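One structure below.
The values are calculated or read from the model by the stated rules, or taken from the named source; none is laboratory data. Owing to the predicted nature of the structure, the values given are computational and were not obtained by experimental measurement. Heads up, the Cβs are rebuilt from the backbone with ideal geometry, glycines too, and the neighbour counts pull from every protein chain shown.
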Amino acid sequence: MNNLFRTKSLNQILNDADSSEKGLKKTLTATSLVALGVGAIIGAGLFSLTGIAAATNAGPAVTISFIIAAVGCAFAGLCYAEFASMLPVAGSAYTYSYATMGEFIAWIIGWDLVLEYAVGAATVAISWSRYLIKLLEKFHVANIPYQWMMSPFETIVVNGESITGILNLPAVFITVLMSLLLIRGTQESAKFNGFVVVLKITVVIAFIVLGWSYINPANYADYIPANTGKFENFGWTGMVTGAAVVFFAFIGFDAVSTAAQEAKNPQRDMPIGILGSLLVCTILYVLFAHVLTGLENYKNFIGEAAPVAKAIANTPYVFLQELIIIAILAGYSSVIMVLLLGQSRVFYSMSRDGLLPKIFSDLHPKFQTPYKSNLLFAVLVSVFAALVPVSIVGEMTSIGTLFAFVLVCVGVLILRKTQPNAPRSFRTPLVPLVPILGILVCLFLMYSLPGETWVRLIVWMGIGIVIYFGYSKHHSKLRKSNDAL
């Protein structure tokens, strides 16, 4: 049992990162890290899951759901910032857990991060496909085979005809394209992301400013709809469930922490990137959700993966509709890219530790990126995006994210106790209060998610545990080094 919970010292983690002869390139500044976070945060949670949470969980009070989710994120974000400044290496919560709670817990969280990032990327790819349909309809492109733009478990009605999906091919296309861009290099990806972030923020602000004048106050008449008898459907409990659903939208700062090893000055820039992106996006989220539910009644968002396009139809700015959808498509592309970046960097760290095959830490001879990992997940994420409905993958991502946040908050408490004098360029304030509040809020939001989401998490973790005891435990470099002593 002791071997399962063996930890890596902070010095050992930092030395392992420095000792790589062909390490990841340090190209990211504080500004590009904030942009990286905003690039991941402003995406499916805002443009798609807002409508889903309003329609089925919170009604117009989805704005309050965003505030609740942001509070939980703020607690977790402060803990992430401390760890990221102490351990500026790839791996995020996986690496932090290895230093505090041991190898087995680190494996669990690393496997959970695969769920968070890979399934999250699939969620956004599905929404990208839906907005592509909207754009093609705007330009009156005929003979579009809708069945090749949807999951086989989804059905839509077009001109009175019911159409069931076969495969979501556009979602596959954008996933593969962003994976190839990541292989090309982090700096190039960051430049693309920076351009798209400016575009996305411009679109969000334009939607808020222009849409505000056309809000229909009647849409707020039932601001907190009465609960239907089910915990997750409206009322105060539905509002909390809505927070758990849209929590997916806040994983951007988590993705920032996975790029720590590629930051030029991580001790200073990582906290700025994490907390700065969280602050900017929280403000925009609340305002955006308020306008969205004011332009269109929340009941009309049922089954709608492209709610923004539906809301815009209630304004006279017809000429903006196409431009906004194009900007959303570009924005979704950057979200997919950042999530795939986070996933590949977690696998890179796990492979370096021997818990996964060496193939996942092999770097491209020219671009110095973990290209084999990128290629593998281009395939796996494409399969998810092609076959699984958006609501299911969105909830799976939320529970994976919340679980990761809980362990990071626990890790700060442990490290403050076991290594109180370790150098910290950023310190989480009000410890132990802030980490404990982060743990409680995240656990409550996990509790609020549907039971089938928990079942999927348990099944996924069960698969991970089998892999750990079947492969990882026997190939662990830390175990081998301890055995040699």
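Of these, ALA226, ALA263, which one is over 19 Å from the mean Cα position of the chain (by Cα) and either aromatic (Phe, Trp, Tyr) or over 30 Å from GLY185 (Cβ atoms) (or both)?
Result: ALA226 is the single residue among ALA226, ALA263 that is over 19 Å from the mean Cα position of the chain (by Cα) and either aromatic (Phe, Trp, Tyr) or over 30 Å from GLY185 (Cβ atoms) (or both).
Residue by residue through region 307-319, note down the ones that are surrounded by fewer than 17 Cβ atoms within 10 Å (Cβ to Cβ) and either in contact with a strand residue (DSSP E or B) (Cβ under 9 Å, 6 or more places away or on another chain) or assigned to a helix (DSSP H, G or I) (or both).
Residues satisfying the conditions are LYS310, VAL318, PHE319.
Rundown of residues vs (1) closer than 30 Å to PRO307 by Cβ; (2) surrounded by 24 or more Cβ atoms within 10 Å (Cβ to Cβ), yes/no style:
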| residue | (1), (2) |
| --- | --- |
| LEU49 | yes, yes |
| ALA54 | yes, yes |
| SER65 | yes, yes |
| ILE68 | yes, no |
| GLY72 | yes, yes |
| ALA76 | yes, yes |
| CYS79 | no, yes |
| THR95 | no, yes |
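Just checking, how many residues over region 282-323 are of a type in the set (Phe, Trp, Tyr) and under 30 Å from GLY77 (Cα atoms)?
Of the residues in that region, 2 qualify.
Among the numbered criteria (1) within 30 Å of VAL203 (Cβ to Cβ); (2) part of a loop (DSSP other than H, G, I, E, B), which one does GLN343 miss?
Status for GLN343: all satisfied but (2).
Condition check ((1) without any contact (Cβ under 8 Å) to a residue 40 or more places away in the chain; (2) within 20 Å of the chain's Cα centre (by Cα)) across all residues:
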| residue | (1), (2) |
| --- | --- |
| PHE444 | no, yes |
| TYR447 | yes, yes |
| VAL459 | yes, no |
| GLY462 | yes, no |
| ILE465 | no, no |
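Go over the candidates ALA84, ALA99, ALA90, ALA122 one by one and state the one that is assigned to a loop (DSSP other than H, G, I, E, B) and either modelled with pLDDT of 80 or more or touching a Ser or Thr at 6+ places or on another chain (Cβ under 8 Å) (or both).
One residue alone meets the criteria, ALA90.
Looking only at region 368-375, decide whether some residue is within 24 Å of GLY72 (Cα to Cα) and under 19 Å from the mean Cα position of the chain (by Cα).
No: region 368-375 contains no residue that is within 24 Å of GLY72 (Cα to Cα) and under 19 Å from the mean Cα position of the chain (by Cα).
Could you tell me how many of the residues in region 190-218 are under 26 Å from MET337 (Cα atoms) and not in a helix (DSSP H, G or I)?
The number of residues fulfilling the criteria is 0.
Given the criterion crowded, with 21+ Cβ neighbours inside 10 Å, at pLDDT below 85 and out of contact with any Lys or Arg (no Cβ under 6 Å at 6 or more places or on another chain), identify the matching residue among MET150, MET178.
None of the other options fit; the residue is MET150.
Please go through region 296-306 and give me each residue that is surrounded by fewer than 22 Cβ atoms within 10 Å (Cβ to Cβ) and assigned to a helix (DSSP H, G or I), ordered by number.
LYS299, ASN300
Could you look through region 219-245, keep only residues that are assigned to a loop (DSSP other than H, G, I, E, B) and touching a residue at least 40 places away in the same chain (Cβ under 8 Å), and pick out the one that is farthest from VAL441 (Cα to Cα)?
The extreme case among them is ASP222.
Check GLY354 against each of (1) in contact (Cβ under 8 Å) with a residue 12 or more places away in the chain; (2) part of a helix (DSSP H, G or I); (3) surrounded by fewer than 24 Cβ atoms within 10 Å (Cβ to Cβ) and name the one condition it does not meet.
Result: GLY354 fails condition (2) only.
Do any residues in region 201-218 that are over 12 Å from PHE288 (Cβ atoms) have Cβ atoms under 6 Å from those of residues that are at pLDDT 95 or above and not hydrophobic (A, V, I, L, M, F, W, C), where the two are at least six apart or on different chains, and which pairs are they?
Listed by first residue and then by second, the contacts come to ILE215/GLY294.
Report yes if ILE109 is surrounded by fewer than 24 Cβ atoms within 10 Å (Cβ to Cβ) and either touching a Lys or Arg at 6+ places or on another chain (Cβ under 6 Å) or in a helix (DSSP H, G or I) (or both), otherwise no.
No, not satisfied.
Matching residues to (1) surrounded by 24 or more Cβ atoms within 10 Å (Cβ to Cβ); (2) hydroxyl-bearing (Ser, Thr, Tyr); (3) in contact (Cβ under 8 Å) with a residue 12 or more places away in the chain:
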position	(1), (2), (3)
SER349	yes, yes, yes
LEU363	no, no, yes
PHE367	no, no, yes
PRO370	yes, no, yes
LEU375	no, no, yes
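Name the residues in region 181-206 that are among the β-branched types (Val, Ile, Thr) and surrounded by 16 or more Cβ atoms within 10 Å (Cβ to Cβ), would you? Reasoning before the result, please.
At the first step, the residues of region 181-206 found to be among the β-branched types (Val, Ile, Thr) are 183, 186, 196-198, 201-205.
Across region 181-206, the qualifying residues are ILE183, THR186, VAL196, VAL197, ILE201, VAL203, VAL204.
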